[in-house]
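S.K.: Below: one structure in structure tokens.
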């Protein structure tokens with residue numbers, strides 16, 4: 001039979017771990033005792049300084065109003081100046097941008113009318129948030145309230161009536177933003 005060899009390193013590791021634990025424990029205990037002793041001895045000095053601050057009173061100004069010259073200077077500095085420039089300048093828009101905006105907001109009348117449903121929610125706040133997100137894209141929608149069989153309410157975000165071409169363009173524009181669109185023919 002072969003002799004089994006025992007590893008002495010595991011015994012050494014256990015001894016090192018015990019020594020480290022003892023050192024950590026006693027150093028923490030010593031630090032805690034020192035801190036509590038320091039607080040105990042300085043407690044009276046801290047209370048005296050707090051009592052001194054309670055006795056002081058704050059002097060209030062006699063009049064709360066500023067002189068008129070200082071008040072005018074203060075309001076002139078705080079007033080933004082870009083309002084002056086915005087009211088005088090005109091920025092011309094290209095005609096193509098105006099046409100695109102009109103196509104998105106004005107329904108085209110044709111033989112076929114399409115409605116787009118961009119979402120259906122149980123909560124009015126969610127529907128309103130979707131409507132606001134679409135408004136930031138330049139698409140004006142409405143919220144239609146419907147009732148289901150159980151008596152609950154659904155809020156649908158809808159757009160239309162629009163022509164086939166406008167429905168296709170709006171669907172691609174909204175889908176690029178990551179929203180699902182349901183196209184319904186009237």
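Yes/no matrix, rows are residues, columns are (1) closer than 21 Å to residue 125 by Cβ; (2) over 28 Å from the mean Cα position of the chain (by Cα):
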site: 149; (1), (2): no, yes
site: 153; (1), (2): yes, yes
site: 157; (1), (2): yes, no
site: 160; (1), (2): no, yes
site: 173; (1), (2): no, no
site: 177; (1), (2): yes, no
site: 183; (1), (2): no, yes
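S.K.: Could you list all residues from the range 106-136 that are at pLDDT below 90 and within 22 Å of residue 177 (Cα to Cα)?
M.R.: Matches in the range 106-136: 106, 107.
The values are calculated or read from the model by the stated rules, or taken from the named source; none is laboratory data. None of the values given here were measured: they were computed from a predicted structure. Every residue, glycine as well, gets a Cβ built from its backbone with ideal geometry; the counts of neighbours run over all protein chains shown.
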